[in-house]
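What follows is one structure encoded as structure tokens, with my remarks underneath.
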Amino acid sequence: MVEAAQKRGYKYIANTEHSKRVAMVGGLDEKNVFENIKRIDKLNETLKNFTVLKSIEVDILEDGSLDLPDSVLKELDIVVCSIHYNLNLSREKQTERILRAMDNPYFNILGHPTGRLINEREPYDLDMEKILQKAKENNCIMEINSQPSRLDLNDINSRAAKDMGVKLAISTDAHSVGQFDYMRFGIGQARRGWIEKKNVINTRNIDDLKKLIKKR
């Protein structure tokens, strides 16, 4: 994945494996995360002008807590927080779930924020205005997920985020080397929402990116 990213001219990638709640794909527990951190540190020592960011895609549990403790999350560069289970909660409960998660000081990015799968699953019921307001208050970032089945946030919500001053991250959510090419779909989706370079955190160099992430 590093070699493929370098060939595309990238200067960094975030290694965002799932946390333990997503057991079907071997989500990482506390021990696994610390082992991964050591591997990435060793790898970064061998790389020139390229950084692998220590990251995780941690599940937001039904009560709004995160699937890994703060003692683990604080050791990571970027924490992407996502919902994968209990998708049919009421609008009030689903919204409150995300708002509670955003109060965690290590919450950086809300992954695929509405959970939709195009032509397969409707978005879960959310008060997006409340979520964007909380994101602005807590310096949380909204993902535009480039997977063709997601393209989430959609154009309307992306434009709303921009208008409220909420930053965005365009992510490939790549599970293989070839899926790096999905970035063009995410960029197209962002353009539909009139998103500009200045609104997207991963248009920045690595130092500026880390400053934005650490502003919490």
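The values are calculated or read from the model by the stated rules, or taken from the named source; none is laboratory data. In this text the structure is predicted, and so the values were computed from the model without any measurement. Note that each Cβ is placed from the backbone with ideal geometry, even for glycine, and that neighbours are counted across all protein chains shown. Just so you know, the surface numbers come from the protein's heavy atoms only, side chains and all, with ligands and any DNA or RNA stripped out. Shrake-Rupley method; radii C 1.70, N 1.55, O 1.52, S 1.80 Å.
Among VAL52, VAL166, VAL177, the residue with the largest mean-square fluctuation in a Gaussian network model of the chain, with springs joining Cα atoms closer than 10 Å, is VAL177.
Once C-alpha pairs closer than 8 Å and six or more residues apart are averaged by separation and normalised to the residue number of region 89-216, the relative contact order reads 23 percent. Figure note: GLU3, GLU30 ranked by solvent-accessible area, largest first, 1.4 Å probe, ligands and nucleic acids not counted: GLU3, GLU30.
Applying both filters, DSSP loop and at most 12 other Cβ atoms within 10 Å, to the trypsin sites (Lys or Arg not before Pro) of region 16-68 gives LYS48.
Rolling a 1.4 Å probe over the protein heavy atoms of region 17-65, with every protein chain left in place, gives an accessible area that is 50 percent carbon and sulfur.
Evaluating 6.51 cos²θ - 1.76 cosθ + 1.60 at θ = phi - 60° for every residue in region 70-82, the Karplus couplings come out as 4, 4, 8, 4, 5, 8, 9, 7, 9, 10, 8, 10, 9 Hz, glycine and proline recorded as x. Each other residue within a Cβ distance under 9 Å of LEU28 adds +1 if Lys or Arg and -1 if Asp or Glu, for a net charge of -2.
Given their separation in residues at 0.36 nm each and the Cα-Cα distance between them, LEU43 and GLN6 gain 11.9 nm when the chain is fully extended.
Based on the Stokes-Einstein relation at 37 °C and a viscosity of 0.692 mPa s, and on the Kirkwood radius from alpha carbon pairs, region 160-201 is assigned a translational diffusion coefficient of 300 µm²/s. Using a simple spin-label model with pseudo-atoms 7 Å out from Cα toward Cβ, ASN205 and HIS175 lie 3.6 nm apart.
For GLU143, the residues 5 or more places off, or on other chains, whose built amide H falls under 5 Å of its own are LEU110, HIS112, ALA169. Give me the Debye-computed log₁₀ of I(q)/I(0) at q = 0.11, 0.18, 0.20 Å⁻¹ for region 1-100, equal point scatterers on Cα only, no solvent, two decimals. So the normalised log intensities are -0.39, -0.86, -0.98. How big is the accessible area of ARG150 in square angstrom, nearest 10, if you roll a 1.4 angstrom probe over the protein chains? Roll a 1.4 Å probe over it and ARG150 shows about 30 Å². To put it simply, the accessible area of region 115-161 at a 1.4 Å probe is 41 percent carbon and sulfur. Annotation note: chymotrypsin sites (Phe, Trp or Tyr not before Pro) in region 105-202 located in DSSP loop regions with a Cβ neighbour count of at most 14 within 10 Å are TRP194.
Find the all-direction average of the projected area of the Cα convex hull for the chain, expressing the result in square nanometres with one decimal place. One quarter of the hull surface, i.e. the mean projection, equals 11.0 nm². Couplings 3J(HN,Hα) of region 106-113, computed from phi: 9, 6, 10, 10, 8, x, 4, x Hz, in residue order, whole Hz [Karplus 6.51 cos²θ - 1.76 cosθ + 1.60, θ = phi - 60°; x for Gly and Pro]. In the full protein context, the chain carries 52 Å² of accessible surface per residue, based on a 1.4 Å probe and ignoring ligands, DNA and RNA.
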